[in-house]
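The values are calculated or read from the model by the stated rules, or taken from the named source; none is laboratory data. The model shown is predicted, which means the values in this text are computed figures rather than measured ones. With ideal geometry, Cβ positions are generated from the backbone for all residues, glycine too; neighbour counts draw on all protein chains shown.
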Amino acid sequence: MTEYTEDYVRKEARTWLENNWDPNLDLFEWRNKLADSGWGLPNWPSNWYGRDLPVGLVPIVEEEFQRIGALPIPKSGIRMLAAATILNHGTEMHKEKFLRRIVTGEDVWCQLFSEPGSGSDLAGATTKAVMVGNKWVVNGQKVWTTSAHKAHWGLLLARTDMDATKHDGLSYFIIDMKQPGVETQPLKQMNGYASFNQVFLTDAEVLPDFQVSELGDGWKVATTTLMHERRAADSLRAWGQVPSSEGPIYDQERAEIETTMAPYKWYPQRAGRVDLIMQRAKETGAIKDPAVRQEIAKLMTLHKSAEWTARRARSAQEQGKPQGPEGSLGKLAASNVARAAAKVHTMISGAHSMLSGDDSPENGTVAEVLISFPASSIAGGTDEIQKNIISERVLDMPKETRFDAGKPFKDIPRNTIS
Amino acid sequence: MELAFSSEEIVFRDEIRAFIAEKLPESARKNGGRWPHWSKEDVVTWQRILNEKGWAVPHWPVEYGGTNWTAVQRYIFIEELLRTPTPEPLSFNVNMVGPVICTFGNDGQKKYFLPKLRNLDIWFCQGFSEPGAGSDLASLKTSAVKDGDEYVVNGQKIWTSQAHNADWIFALVRTNPNAAKPQMGISFLLIDMKSEGVTVRGIETIDESRHVNEVFFDNVRVPLSNIVGEENKGWDYAKFLLGNERTGIARVGLSRERLGRAKKLAAKLPSFNGPLADDPQFKRKCATVEMQLKSLEITIMRIIDRQRRRNDSTPDPATSMLKLRGAEIQQTTAELLADVAGPMVAPTGQIRAAYEGDFPAELEETLGIIPHYFNSRAATIYGGSNEIQRNIISKGILGL
Amino acid sequence: MRSNVISSLKVFWGFKMDFELSNEQQLLKDSVSRLIADNYDLQKRGAIIKSADGYSKTVWKQLADLGLLGLSFSSNYGGFDGGPVEQMIILEAFGTGLLIEPYLATIVLSGTAIQSAADENKKSELLSAISNGDHLMAFAHSERLSRYQLSQVETRAQLKNGNWILNGEKTTVLHGGIADTIIVTARTKGSDRSTDGISLFLVPAKTKGITINSYPTIDGMQAADIKLSNVSVPQNALLGECDKGFLIIENIEQHGIAAVAAESVGAMQCVLDMTVDYLKTRTQFGRPIGDFQVLQHRAADMYVAVEEARSIAIYAAMMTTEKDTEKRRHAMATTKAQIGISCREVGQGGVQLHGGIGITEEYAIGHYFKRLSMIERQFGDVEHHMTTLSMMDSPD
Ligand SMILES: Cc1cc2nc3c(=O)[nH]c(=O)nc-3n(C[C@H](O)[C@H](O)[C@H](O)COP(=O)(O)OP(=O)(O)OC[C@H]3O[C@@H](n4cnc5c(N)ncnc54)[C@H](O)[C@@H]3O)c2cc1C
Ligand SMILES: Cc1cc2nc3c(=O)[nH]c(=O)nc-3n(C[C@H](O)[C@H](O)[C@H](O)COP(=O)(O)OP(=O)(O)OC[C@H]3O[C@@H](n4cnc5c(N)ncnc54)[C@H](O)[C@@H]3O)c2cc1C
């Protein structure tokens, strides 16, 4: 293995960018260049669009992108979770078929996990997949499915065995969202967006090749997806920030964010928009209020600890340690930061924080923070669930009393709505 | 309390204040609650002064020495004592065993004990908790076996506050080990601490004192007549007692007194621009505590009032809220005081010896602060921990 | 043994955020941990507290022999050029054992003062003396009414006939009673709160005019109130530049913050471990109390608090060598604020989850709680540092 040093990587990245970056390129042409060179996702394997770079060095590359103004791969959205899952558990065919279009952003993905009767208790999913002839036929209902209405592919958790226990009867599939058996119905949120959906699966089909890992391995594979989702929580605030530079390639990316990436427009707000705090405090003069300053200091302290906790997690990852429950730590920290940031925004903007539209603070962004931050402690596993995970997996405390252990799934009491 | 007190109540309050100002002995005044525990002498002397005035047990039925005050008056009375501060009337006597004897005791017990409880001629302690039975009190093992006209008591109690000062102990003991439910085999027994076979061992605590104890019973013989109420019904009386304890434990006045002290001390210490007392953040903290105390105070009066109307000796689960918040705010104010003192909390009481009699009086003022803080950590543990109070609220009130 | 452990300590500490320990660091950690495990159960510690000196000379000697006292000093003065990581490892281990030896006073606070302000002669003399364990020092700065205001110095020093004459009173001087040399801060000009006009002096403890009242502190250590009446020291007792001591004092405090941050992480981890163990073994209502979800979640919150503290302690260790004073100031205030928050959450949580036994002297948890309560108030509490931060612009 090559011995990487900071300087070496910086120099290589800089040279490549100087030779290749051109704001007049077509967006997808540029992303294909990134895929071919491996500079888009340099910590990915070199045979799959990466450069085998240790994760700890990725920030160096990111700095070089920023320095020259080059557009990075949008590292956001379910598609990145799909990539992580496929890299871990997928077949060669899956990698061949899906990874490149994930890197270029041509395919949109969604995560078909939550159901009306199973949210926190994800393993209680009742959507069924049954082998009919040589195909899986899927029936059931999913909910809160972000981007389902835009998605080409879905990560599907479905029950394949009613006689097995709850966790053992699940399998994991990649489902084609553009087929007649898949019907999506948008749900409107309190912040005005409609980023998630109900998804009705009626005799939807999945080819056997599109099963991920073995039959009955669904829970194991879903856990990989979820750990990446939690781990990603600390970088949420970077998602969907629209670049402000002029030029066709930027226009193209802005257009993408408006359409396929629409949900990520408000994700930064749900993370609290810590980046706006100082600017807002200065603009409004709230910075002169000692009480506000004190709250800002608290928030920044929290933010700093969270940042360093994330760095430690990255360093652990760099040392080749598997994704572990420490992602729960980052996720909890992210919801604490979001909550505190919403509070400080309210202190700064007062009643104005409730306005939207032209006259409102930051064009309604502050108001959006206030009605979006609660999502942080729910999506991707609630705060309570993260604490359960820490207590069981890190502190090795007694497991919660389970009423479903060891029993076949069909004998377990379930929500009547499912 | 401007909001809630009528002019008659203000007059009443002033009467209490004047009485305290006139009668509080010098030694108690000097001690001023600086350390978390009052001396036995201070407690006894003060309670006798109150008893002489007829104020030792305002909330007892009039026939046993009560005053027939309204709930608000009773509240005003106790809060005035706490915010002065004076020693508190001994809770084991006046809030715990007293009301139990008034309600469930026989005539002989009433006649013998009640006057002595009021005047603190007998000092009681509470023998409930055991090493294996804390939150799960019903699992207690100390046994009382009938032998002729006596019970023979064997077992161990722990965390028994004041046992080293006590003349008697009221204990929960198991009289029927074979009852259908553990709660159904427990009796409420009064035991003379001078009985043969009773041993007390002090436990040192983090607040530099020794106020809790282990109490061992080794074949202690107790007359059958010392049982309160019926045999094996002790759990009901204990629940009644704990309900009363929870109401009395909020101690708003204590928190107010601490807040006042914190402000006074803050006026003498520097912050960034001028004294700490003028620091906006400090002022906000004080305002927050004052707001919390106000809400608690009004809630207490609502619940006391409701209890009167409920006319029911089973405890109101809402009293759990008082214990919960009262304890938390006591902790907040103890914390506030310790935060104001800051680095001045470092010395232990042994600093007095270091100065060899030359100890500067102004240092005395900050010495008890950290013991108060350490001691306050127990407030969410005893009398049913806050976790247990939340369990009671979620089951008893929210129906979960 | 000594050269063995230490010579290999000059390890790479680069940009990589390599938080995992190198083999050498692991070795260091193991040897400190072993030393503490062998010498520091609660009973032995209790006996040390009650002993006449209030610290163990044997343990101090062992620390010296292992090379731990001089670890972070420059090899020009007999040290081992250890970096912030090594310092963190040692202090974390001290936190685990609730060590009461005068490491903070002598090595961290006084050592920093000497390293940053003394001339070459004094450096080689004093640094090697304290590394050998032969010489103890204390840093006498705080005064009765200074609280956390570093520039509040009323003690005066005047130059008379070629000697400095010191007058004033210092309080809660950590290990002031056993120090051979005391570093005294005094005002050489300006008003009581001015940052300009403070100077530092090296004062032998036996100098005439010094009265020391030494007493145990709530966390089992020793502190002293020190009275100086016409204490006379030679002109060269001045440490650093006259009137310009404030920056040195601030630097000393910052090293103190990084040190107690690491120490507190060790102590907090112990509290968490003990608490989790207790939750698994204590039975009520017919099952381990760790079955109750509220207790699990509180333990999880404590875990989060410990990890946040650990992250920030690492950050602090990295920032002790930051050259930009504003950045360093900001980083240390951030650190101490977070440490204070975590100490409180973990200390209080540990006691609460233990129930009655948590407040006894006989059981370990209370002793950790007391040390954490002290650390909260050492070198400024949460509110103090939050206010400091709120008056600064974030340098990031
Ligand atoms: C913005 C957003 C986007 C989302 N996107 C997707 C998506 O793309 N795909 C997808 O599959 N899902 C998605 N979700 C769904 C999300 O994963 C679920 O909302 C979440 O897992 C919680 O499930 P629930 O809403 O059914 O709540 P419930 O599970 O019913 O929980 C209700 C409450 O009970 C608590 N609770 C439940 N179980 C326990 C327990 N064992 N111990 C303690 N407390 C408990 C919870 O913490 C919560 O407070 C999204 C959600 C949001 C808010
Ligand atoms: C200063 C002090 C004075 C005292 N004075 C007296 C006295 O005079 N007489 C007397 O009889 N007793 C006294 N006690 C004892 C006190 O009542 C007990 O400490 C208390 O009931 C808790 O029991 P424990 O200490 O055994 O803790 P445990 O019951 O072992 O509790 C340990 C932890 O588990 C939690 N826990 C336990 N069960 C549950 C549950 N079901 N759900 C959620 N959490 C739970 C508790 O809240 C606590 O945090 C005193 C205690 C103290 C600290």
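Structure data summary
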{"item": "Residue match in region B:170-177 (condition: away from ligand 2 (no atom under 12 Å from the Cβ), more than 14 Å from every other protein chain (Cβ to nearest Cβ) and of a type in the set (Phe, Trp, Tyr))", "result": "no"}
{"item": "Per-region count, region B:199-214, residues hydroxyl-bearing (Ser, Thr, Tyr) and more than 11 Å from chain C (Cβ to nearest Cβ)", "result": "1"}
{"item": "Count of residues meeting criterion [near ligand 1 (Cβ under 9 Å from one of its atoms) and under 20 Å from the mean Cα position of the chain (by Cα)] in region A:387-409", "result": "1"}
{"item": "Looking only at region C:247-306, and only at residues there that are charged (D, E, K, R) and within 14 Å of ligand 2 (Cβ to nearest atom), the one that is surrounded by the most Cβ atoms within 10 Å (Cβ to Cβ)", "result": "C:ARG298"}
{"item": "Members of region C:317-338 that are more than 10 Å from every other protein chain (Cβ to nearest Cβ) and buried (at least 24 other Cβ atoms within 10 Å of the Cβ)", "result": "C:MET332"}
{"item": "Selected residue (only one of A:PRO374, A:PRO413 is more than 14 Å from C:ALA300 (Cβ to Cβ) and within 11 Å of ligand 1 (Cβ to nearest atom))", "result": "A:PRO374"}
{"item": "Any hit, region B:44-57, residues being surrounded by 17 or more Cβ atoms within 10 Å (Cβ to Cβ) and basic (Lys, Arg)", "result": "no"}
{"item": "Matching helices (runs of 4 or more DSSP H) fully within region B:338-400 where at least 2 residues are within 16 Å of ligand 1 (Cβ to nearest atom)", "result": "B:386-392"}
{"item": "Verdict on C:ASP301 being within 16 Å of ligand 1 (Cβ to nearest atom) and assigned to a helix (DSSP H, G or I)", "result": "yes"}
{"item": "Output for region C:376-388, where each listed residue is surrounded by fewer than 24 Cβ atoms within 10 Å (Cβ to Cβ) and either more than 7 Å from every other protein chain (Cβ to nearest Cβ) or not charged (D, E, K, R) (or both)", "result": "C:VAL382, C:THR388"}
{"item": "Region B:235-268: number of residues that are within 30 Å of B:ILE101 (Cβ to Cβ) and of a type in the set (Ser, Thr, Tyr)", "result": "2"}
{"item": "Residue identified as more than 15 Å from ligand 2 (Cβ to nearest atom), over 15 Å from B:GLU130 (Cβ atoms) and in a strand (DSSP E or B) among B:LYS194, B:LYS146", "result": "B:LYS146"}
{"item": "Any pair with Cβ under 7 angstrom, 6 or more apart, that starts in region C:346-365 at a residue that is without any contact (Cβ under 8 Å) to a residue 60 or more places away in the chain and within 20 Å of C:GLY46 (Cα to Cα) and ends at one that is buried (at least 22 other Cβ atoms within 10 Å of the Cβ) and of a type in the set (Ser, Thr, Tyr)", "result": "C:ILE359/B:THR205; C:THR360/B:THR205; C:GLU361/B:THR205"}
{"item": "Residue in region B:385-397 that is among the basic types (Lys, Arg) and more than 8 Å from chain C (Cβ to nearest Cβ) present", "result": "yes"}
{"item": "Check on C:VAL346, within 14 Å of chain A (Cβ to nearest Cβ) and part of a helix (DSSP H, G or I)", "result": "yes"}
{"item": "Residue tally, condition surrounded by fewer than 19 Cβ atoms within 10 Å (Cβ to Cβ) and touching a residue at least 40 places away in the same chain (Cβ under 8 Å), over region C:54-65", "result": "3"}
{"item": "Selection count where residues are surrounded by 21 or more Cβ atoms within 10 Å (Cβ to Cβ), at the interface with another protein chain (Cβ under 9 Å from one of its Cβ atoms) and within 21 Å of A:VAL58 (Cβ to Cβ), scope region A:280-309", "result": "4"}
{"item": "Failed item, numbered, when C:THR321 is tested on (1) part of a loop (DSSP other than H, G, I, E, B); (2) modelled with pLDDT of 95 or more", "result": "(2)"}
{"item": "Single match in B:THR319, B:THR299 (criterion: free of Cβ contacts under 8 Å to residues at least 40 places away in the same chain, more than 9 Å from chain C (Cβ to nearest Cβ) and away from ligand 1 (no atom under 16 Å from the Cβ))", "result": "B:THR299"}
{"item": "Exclusive hit being closer than 30 Å to C:LEU159 by Cβ and within 12 Å of another protein chain (Cβ to nearest Cβ), set C:ILE212, C:ILE198", "result": "C:ILE212"}
{"item": "In region A:68-100, the residues that are charged (D, E, K, R) and modelled with pLDDT of 95 or more", "result": "A:GLU92, A:LYS95, A:GLU96, A:LYS97, A:ARG100"}
{"item": "Selection status of C:MET274, of a type outside the set (S, T, N, Q), within 25 Å of C:ILE375 (Cα to Cα) and over 23 Å from the mean Cα position of the chain (by Cα)", "result": "yes"}
{"item": "Among residues of region C:132-190, those that are within 14 Å of chain B (Cβ to nearest Cβ) and acidic (Asp, Glu), counted", "result": "3"}
{"item": "Scope region A:30-81; condition out of contact with any Asp or Glu (no Cβ under 9 Å at 6 or more places or on another chain), under 25 Å from A:THR225 (Cβ atoms), in contact (Cβ under 8 Å) with a residue 60 or more places away in the chain and outside any helix (DSSP H, G or I); matching residues", "result": "A:GLY40, A:LEU41, A:LYS75, A:SER76, A:GLY77"}
{"item": "Options A:GLU6, A:GLU64, A:GLU18, A:GLU12: the member that is more than 30 Å from A:GLU214 (Cα to Cα) and within 14 Å of chain C (Cβ to nearest Cβ)", "result": "A:GLU6"}
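Yes/no matrix, rows are residues, columns are (1) without any contact (Cβ under 8 Å) to a residue 12 or more places away in the chain; (2) more than 25 Å from C:GLN338 (Cβ to Cβ); (3) assigned by TED's automatic domain parsing to the domain that holds C:PRO84:
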position	(1), (2), (3)
C:VAL271	no, no, no
C:PHE285	yes, yes, no
C:ASP301	no, no, no
C:VAL304	yes, no, no
C:GLU308	no, no, no
